[in-house]
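The structure appears below as structure tokens.
The values are calculated or read from the model by the stated rules, or taken from the named source; none is laboratory data. Note that the structure is a prediction, hence the values are computed from the model and not measured. With ideal geometry, Cβ positions are generated from the backbone for all residues, glycine too; neighbour counts draw on all protein chains shown. We work out accessible area using only protein heavy atoms, side chains counted, and drop any ligands, DNA or RNA first. Shrake-Rupley method; radii C 1.70, N 1.55, O 1.52, S 1.80 Å.
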Amino acid sequence: MPTITAIRSRIRVSRDTHAARAALERELSSYNSPSDLDDLHAILDRYSDRETAQIRRILATRHMS
């Protein structure tokens, strides 16, 4: 059974992860125009899918909305 310290640590990591994702989503929301998105995708194409997966998922989710 996990200790209280381990549980608190997991909660803290979870909160930090959520806050980082929310900040990234806010940042990406500024890319609205097709030109902005084309530029962003061109930048992302310079990096591996592994490095850009989270950003691509956020953009795909926004595109579907």
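Taking the numbered list (1) touching a helix residue (DSSP H, G or I) at 6+ places or on another chain (Cβ under 6 Å); (2) part of a helix (DSSP H, G or I) in turn, Gln54 passes all entries but (1). Residue count for segment 15-65, restricted to those that are among the hydroxyl-bearing types (Ser, Thr, Tyr), open to solvent by 90 Å² or more (accessible area, probe 1.4 Å) and at pLDDT 95 or above: 1.
Given the criteria of a type in the set (Gly, Ala, Ser), assigned to a helix (DSSP H, G or I) and within 16 Å of the chain's Cα centre (by Cα), does Ser30 qualify? So Ser30 does not fit the description; no.
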